[in-house]
């Protein structure tokens, strides 16, 4: 065999050896890696599933705790609201208790002395004290309407008197005083109102014009 043929045979042998090694490595790479007798891919998937299940369980526990906390908060707020409504007037009633005590003393004193003038004086003092407490502590202010221009928001006209002494509607008399709570009318005053005759005549003339 010539040198050239030997060289070619040697190259062919090297090529065959390389291809066999390459095929062996390829076969090894395709062979799945096992962990404790299980394929590594399957073990990894099971691990991920277990991790997700643990996360879901933790989130569910958190949700249950938050729901319980919110329910307790809601019940507490409802209870506090009920108590606030139930005892909202406690301070006002405490102020009124002092007035009741004064009335009891005045009544007892009148029963013992039979002195009407002293009783009248005592009741008048108590009434002024009560009005003062309500205005000072609670913003309740009594107002008189005598001589004021009639204001339907503050006055309730329960009587009308025609007069030629006024050219506008004027309050002539208070039948029942009105009260303001801060700046809002709590109860309008019941009053008698002066109605100018000129307004009455103007109204009659308008009616006659409409009939024509």
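No value in this document is a laboratory result; all are computed from the given coordinates. No experiment lies behind these values; they were computed from the predicted model shown. So basically every Cβ, Gly included, is an ideal-geometry build from the backbone, and we count neighbours across all protein chains shown.
Whole number please: convex hull volume per residue of the Cα set in segment 91-138, in Å³? It would help to have the intermediate numbers written out before the result.
On the way: hull volume 2.0 nm³, N = 48.
Dividing the Cα hull volume of segment 91-138 by its residue count gives 42 Å³.
How do the peptides 57-64, 134-141 rank, highest first, by the average count of neighbouring beta carbon atoms within 10 Å per residue? Numbers along the way, then the final one.
Numbers: 57-64: 10.0, 134-141: 14.1.
Packing proxy ranking, top to bottom: 134-141, 57-64.
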